[in-house]
Amino acid sequence: MALNGLHNGITFIVTRRCPLQCEHCVMESGPEYRDHLTGADMKAWLYEAHQIGVTRASYSGGDPVLMLRDLSEALVYGRELGMINSVFTSAFWAPSVERGVSTLRRLAAVDILGISTSPHHQRFVPLERVANAVVAADEAGVRGVEVQVSSFRRDAVSLEARLRELLPQRLRDVRVRHQSIFAAGRAATAMTIPEGEYLPLASLDMSCPAPALTVEPDGLLRGCCSSLLALKEHNPLILGDLRSERFVDVAGRAARSAHYQTIRSEGLAPIVRMLERDGLGASIPRLAVNACDLCFRLYAQPNVAAHVRERFAE
Ligand code: SF4
Ligand code: SF4
C-alpha cells in the first residue's frame, strides 16, 4: 500500500509528562503523567509506517526527552529505516552547554531539534537554557535546529530578539518559528486571550498546518498533531486504535476518509461553507486566532462534530 494521499510524517506523543506546566498547553501536560510509549511500541509502528511510505518521524509530548532510553531506541531504528528524525523539547535538560551536549550525545540519531519556548516557559525553563541547547546542538553536530516561540503576537518579536542576543554571533541566525497562543487545552480555562489576537474569518488562513499521523500513549492514531489533541471526546480525527488494529488497516481507512482528507488537503474552508449551507452558521465563530483555534472551537461543539461526521458519511 502506498501513502494514498496521507501525510508523509508520523508524530509520536511519547508522553504527556512534562517538567513544565504551561498555562497555554494544548496537551495539558505536566509532571503528574506516567503513561508513555515504549521503544518497542514506536519501533513496531515505525516499521509499519515506513512500509506504506512514511518518511519522517517526529517525537513530541509533553517532553519526549524525559523518556530518553525509549526515545533513543526509536530514533536509532528510524534512522536505520532512512527516516528523518525530529525531536521537540523545551530544553529543560540544558542547564549548561556541557549538560546539553551530554544529553544530545545520547540522542545521536536526531536530525532536527525543535526547541520550544514561550513567555510562560520562563518560570520553569529560562531562555538561557534554550540558548544553551542551541549551542549544544551545534557542538553535538545536530543537522538542523529550530526554535518555536509560542506567544501572543504582541510578545513574539521581543522574545525572539532576547534569544538571539543570548547566542554567540555564529548562531544568531538560528531559525525561529512563531506560533500563536489560543484557547484550547489548559489555555481554555487558565488564560484570557486578548481581543487583539483575533482575526475575522475572511482574513484567516484556514489551511490545516499539522495533519501528521499522530500517536498518543493510548495507542490511538489521530490525524492532527495540534489543538484537536485537546478534545478527549468527540474528536473527529481519531483514525483508529493501533493496539488492536494493524497500522496498514487504520491508514487505509484514513486514506479513504473524505472528512480527514478534506481537512488535510483543503483545510477548514469547505467545512465552514458546509455548516453555513446546512443552517449551522450560528455555531461558527466570527473571529479566530488561527486555523487550529477555529478548528478546536468548531469541533468542541458535539452537535457540530456529529453533523460534519454524518455529512461526510453520506
Ligand atoms: S506547552 Fe510544552 S513545555 Fe509547556 S507544559 Fe505543554 S508540553 Fe510542556
Ligand atoms: S486545522 Fe484542525 S486538524 Fe489541522 S492541525 Fe489544526 S487543529 Fe489539527
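Here, each number is a calculation from the coordinates, and none is a lab measurement. Note that the structure is a prediction, hence the values are computed from the model and not measured. When we count neighbours, we look across all protein chains shown, and the Cβ atoms used for this are built from the backbone with ideal geometry, even at glycine.
Counting only Cβ charges, +1 for Lys and Arg and -1 for Asp and Glu, the dipole size of the chain around its Cα centre is about 280 debye. Across the range 262-311, C-alpha contacts under 8 Å between residues 6 or more apart give a mean separation that, scaled by the residue count, equals a relative contact order of 30 percent.
If one computes P(r) from the Cα atoms of the range 163-314, what percent of pairs lie at distances over 26 Å? That fraction is 34 percent. Largest GNM mean-square fluctuation among HIS24, HIS50, HIS234, using the chain with Cα springs under 10 Å: HIS234.
Using only Cα positions of the range 5-77, each an equal point scatterer, no hydration layer, compute I(q)/I(0) via Debye at q = 0.16, 0.22, 0.25 Å⁻¹ and quote the log10 values to two decimals. Calculated log10 I(q)/I(0) at the listed q: -0.57, -0.92, -1.06. As an exercise, identify the GluC sites (Glu not before Pro) in the range 179-274 lying in DSSP coil whose Cβ has no more than 12 other Cβ atoms within 10 Å. In loop regions of the range 179-274 (DSSP not H, G, I, E or B), the sparsely surrounded GluC sites (Glu not before Pro) are GLU233.
DSSP loop trypsin sites (Lys or Arg not before Pro) in the range 175-247 with at most 15 other Cβ atoms within 10 Å of their Cβ, which ones?
Sites meeting the loop and neighbour criteria: LYS232, ARG243, ARG246.
The simple spin-label model puts a point 7 Å past each Cα toward its Cβ; for HIS178 and GLU195 those points are separated by 2.2 nm. Loop-located GluC sites (Glu not before Pro) across the range 14-67 with a Cβ neighbour count of 15 or fewer within 10 Å are GLU23, GLU32, with loop assigned by DSSP.
When shorter helices are ignored and each DSSP H run of at least 4 residues is given -39500 (n - 2.57), the per-residue value for the chain at 222 nm works out to -11000 deg cm²/dmol.
Modelled label positions at ASP35 and ASP155, each set 7 Å beyond Cα in the direction of Cβ, lie 2.9 nm from each other. Given R0 = 30 Å, the distance between the Cβ atoms of SER244 and SER203 translates into a calculated FRET efficiency of 0.10. Give the Debye-formula value of log10 I(q)/I(0) at each listed q (0.17 Å⁻¹), with one equal scatterer per alpha carbon of the range 132-239, two decimals each. After summing over all Cα pairs, the log10 values are -1.06. Annotation: the residues CYS225, CYS208, sorted from fewest to most other C-beta atoms within 10 Å of their own C-beta, follow the order CYS208, CYS225.
Available extension along the chain between GLU266 and GLN148 is 40.0 nm, counting 0.36 nm per residue and deducting the alpha carbon span.
Here the gap between ARG99 and ALA282, fully extended at 0.36 nm per residue and compared with their Cα-Cα distance, gives a gain of 60.6 nm. Rg then Dmax, both in Å and based on the Cα atoms of the range 198-243: 12.8, 41. Charge tally for VAL14 (other residues, Cβ to Cβ under 14 Å; Lys, Arg +1; Asp, Glu -1): -2. Using only Cα coordinates, the Kirkwood hydrodynamic radius of the range 95-155 works out to 12.0 Å. Within the range 2-144, the proportion of C-alpha pairs whose separation exceeds 18 Å stands at 54%. Give the calculated FRET efficiency between ARG311 and ARG79 to the nearest 0.05, with a Förster radius of 51 Å applied to their Cβ-Cβ distance. Calculated value: 0.75. From least to most packed, judged by other beta carbons within 10 angstrom and beginning with the fewest, HIS178, HIS36 follow the order HIS178, HIS36. Its relative contact order, with pairs defined as Cα atoms under 8 Å and 6+ residues apart, puts the range 176-281 at 22 percent.
Considering only alpha-carbon pairs that sit under 8 angstrom and 6 or more positions apart, the relative contact order computed for the chain is 18 percent.
The C-alpha radius of gyration of the chain, expressed as a fraction of 2.2 N^0.38 Å, stands at 0.99.
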